[in-house]
């Protein structure tokens, strides 16, 4: 990282000095919420400047609005292909964190093979009528809008007949059903469309050309020092587990000691992969298949960390509010800390969400090792196309 006297740091610190407790609008207008976006919403920041802004905001205790899907996926797609009216209506509320967004992509029969979606949007006068189902839609029940891909030309090849829409989540005919996962949390949903009319003005880009926009959506230009937490960057890390056991005097069990050593080694390898990926971005190189290597390894690592944490607790691991050392763990507000128990349950999803481990391994096999494509590798090819690693077949 650049030193403390770097002029880019001085500029950010000067703004913070004038705005020590900024409002959401002031932070948005500064461009520091989405510095990688073009002006006026961002500042066209290069990767290193993004890291400097992150670092300075964290030091000052200034938090950006939490609006991941809107900032990471919806906004960049609207910037890329939206009309001037769409940009004016949606982008500033996104940057200020005023309107939550969800992603209406996955379907019961179209997850990794996203282009196989069946949700239909039929042209009807000055709008489209949508019928179908989406699933695993995060925060749909809290969202004002969703980014929706639906099939508008069922006779075209599957990559060619898809369109991309901005979908208000309060339209008549939308039904949201909660999916409560094994952790007891409600973040996922099923979303049903029954004759839902979306105005034509909510079409993003050209009709039947939405597949390319789906790739834009899933290609995020944000650069950051990603977290080491094993739950997709959140929660405790492998190093946290090793340090916790060490602070408690270690363990004499040779099998547990070997598993702890393996966890430490994996955590270090993943840290180096993250740094390698970040260094490539700082050089201006496009993300490559190493992202699939990192994800494929990190997901198995996360499950191994959480399983070991439970095993270290022994019989006490059957109780919700115990840590790997078997003791009750109070948090800062006096309640019990169940991050390890929650993490153990949640880690089951790691090797499925965001592209299954099987899909990631197929990408690595084909793109890194040069192995021939498997006869059943359609899902792998589709995911590679979504990630921009290859172009869709004609």
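The values are calculated or read from the model by the stated rules, or taken from the named source; none is laboratory data. In this text, all values refer to a predicted model and were calculated from it rather than measured experimentally. Here the Cβ positions follow ideal geometry from the backbone for every residue, glycine too, while neighbour counts run over all protein chains shown.
Kindly check whether there is at least one residue in segment 351-359 that is at positive phi, surrounded by 14 or more Cβ atoms within 10 Å (Cβ to Cβ) and modelled with pLDDT under 80. Walk me through it before giving the result.
Residues of segment 351-359 that are at positive phi, as a first pass: 354-355.
Now drop any that are not surrounded by 14 or more Cβ atoms within 10 Å (Cβ to Cβ), which leaves 354-355.
Checking which are modelled with pLDDT under 80 leaves us with 354-355.
Within segment 351-359 (the criterion being at positive phi, surrounded by 14 or more Cβ atoms within 10 Å (Cβ to Cβ) and modelled with pLDDT under 80), the answer is yes, since at least one residue qualifies.
Go through segment 69-89 and report how many residues are surrounded by 21 or more Cβ atoms within 10 Å (Cβ to Cβ) and within 17 Å of residue 25 (Cα to Cα).
Residues that pass the stated criteria total 3.
Looking at 42, 31, 61, which one is farther than 19 Å from residue 282 by Cβ, surrounded by 18 or more Cβ atoms within 10 Å (Cβ to Cβ) and without any contact (Cβ under 8 Å) to a residue 24 or more places away in the chain?
Details: 42 fails: farther than 19 Å from residue 282 by Cβ; 61 fails: surrounded by 18 or more Cβ atoms within 10 Å (Cβ to Cβ).
Every option except 31 fails the conditions.
Hey, any hits in segment 122-133 for a residue that's farther than 20 Å from residue 355 by Cβ and without any contact (Cβ under 8 Å) to a residue 40 or more places away in the chain? So that I can check it myself, show each step before the final result.
Our first condition is that a residue be farther than 20 Å from residue 355 by Cβ; within segment 122-133, this holds for 122-133.
Checking the rest, the ones that are also without any contact (Cβ under 8 Å) to a residue 40 or more places away in the chain come to 122, 125.
For segment 122-133, residues farther than 20 Å from residue 355 by Cβ and without any contact (Cβ under 8 Å) to a residue 40 or more places away in the chain: present.
So residue 265 fits all but one of (1) over 20 Å from residue 363 (Cβ atoms); (2) in contact (Cβ under 8 Å) with a residue 40 or more places away in the chain; what number is the exception?
(2)
What tally of residues in segment 180-192 results from selecting those that are under 19 Å from the mean Cα position of the chain (by Cα) and modelled with pLDDT of 95 or more?
2
Determine which single condition residue 96 fails, assuming it passes every other condition in (1) under 17 Å from residue 166 (Cα atoms); (2) surrounded by 17 or more Cβ atoms within 10 Å (Cβ to Cβ); (3) outside the structural domain of residue 172 (by TED's automatic domain parsing).
Exception for residue 96: condition (1).
Can you name every residue in segment 282-291 that is at pLDDT 75 or above and assigned to a helix (DSSP H, G or I)? Don't jump to the end; show me each part of the working.
Going residue by residue through segment 282-291, those that are at pLDDT 75 or above are 282-283.
Hit for segment 282-291 is 282, nothing else.
Check off (1) surrounded by 19 or more Cβ atoms within 10 Å (Cβ to Cβ); (2) under 17 Å from residue 94 (Cβ atoms); (3) in contact with a strand residue (DSSP E or B) (Cβ under 8 Å, 6 or more places away or on another chain) for residue 161 and give me the number that stays unchecked.
Of (1) surrounded by 19 or more Cβ atoms within 10 Å (Cβ to Cβ); (2) under 17 Å from residue 94 (Cβ atoms); (3) in contact with a strand residue (DSSP E or B) (Cβ under 8 Å, 6 or more places away or on another chain), only one is false for residue 161: (2).
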